[in-house]
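Everything on this sheet refers to the single structure shown next.
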Amino acid sequence: MSSKIKTYRITGRYRRLKRFFYVSKEIRAVSLENALEKFFSEIGSQGLKRTQIEIVDIKEISPEEVKNAKLRKLIMAENPAIWAP
């Protein structure tokens, strides 16, 4: 089993007030299961339940495809510094 960290783009949708809203997140994780757990955790912090979210698409993306500037900078860094209090 490889412990290499991969980047996933997960797209989901949820329904509110008779409309569908789409949400897309770029998640770094060791496995797809961990990425989904992190996705649901982040979306759940906004007041949505897991049962309200329908996963539309899951893609493993390369570092060049990352749209989030902070995440791209972290991926491309040779020695990423992780700050811990």
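The values are calculated or read from the model by the stated rules, or taken from the named source; none is laboratory data. Being a predicted model, the structure only gives us computed values, none of them experimental. Glycine also receives a Cβ, built like all others from the backbone with ideal geometry; neighbour counts cover every protein chain displayed.
With in contact (Cβ under 8 Å) with a residue 60 or more places away in the chain and either over 27 Å from MET76 (Cβ atoms) or hydroxyl-bearing (Ser, Thr, Tyr) (or both) as the only criterion, which of THR11, THR7 stands out?
Working: THR11 fails: in contact (Cβ under 8 Å) with a residue 60 or more places away in the chain.
Going through THR11, THR7 in turn, just one is in contact (Cβ under 8 Å) with a residue 60 or more places away in the chain and either over 27 Å from MET76 (Cβ atoms) or hydroxyl-bearing (Ser, Thr, Tyr) (or both): THR7.
Please go through (1) within 25 Å of ALA69 (Cβ to Cβ); (2) surrounded by 10 or more Cβ atoms within 10 Å (Cβ to Cβ) for TYR14 and return the number of the only condition it doesn't satisfy.
(1)
In segment 49-64, which residue that is modelled with pLDDT under 90 and part of a loop (DSSP other than H, G, I, E, B) is nearest to ARG13 (Cα to Cα)?
For segment 49-64, the residue satisfying everything is LYS49.
Of all residues in segment 17-45 being small (Gly, Ala, Ser) and surrounded by 16 or more Cβ atoms within 10 Å (Cβ to Cβ), which is nearest to SER62 (Cα to Cα)? Please lay out each step first, then the result.
Going residue by residue through segment 17-45, those that are small (Gly, Ala, Ser) are 24, 29, 31, 35, 41, 44-45.
Imposing the further condition that a residue be surrounded by 16 or more Cβ atoms within 10 Å (Cβ to Cβ) reduces the set to 29, 35.
Numbers: ALA29: 13, ALA35: 15 Å.
Within segment 17-45, the match that is nearest to SER62 (Cα to Cα) is ALA29.
Which residue is modelled with the lowest pLDDT, if the candidates are limited to segment 65-83 and must be outside any loop (DSSP other than H, G, I, E, B), closer than 13 Å to TYR8 by Cα and of a type outside the set (D, E, K, R)? Can you show your working first?
The first filter runs over segment 65-83 and keeps only residues outside any loop (DSSP other than H, G, I, E, B), leaving 65, 69-76.
Narrowing further to those that are closer than 13 Å to TYR8 by Cα: 65, 71-72, 75.
Still in the running and of a type outside the set (D, E, K, R): 71, 75.
On the way: LEU71: 83, ILE75: 79.
Within segment 65-83, the match that is modelled with the lowest pLDDT is ILE75.
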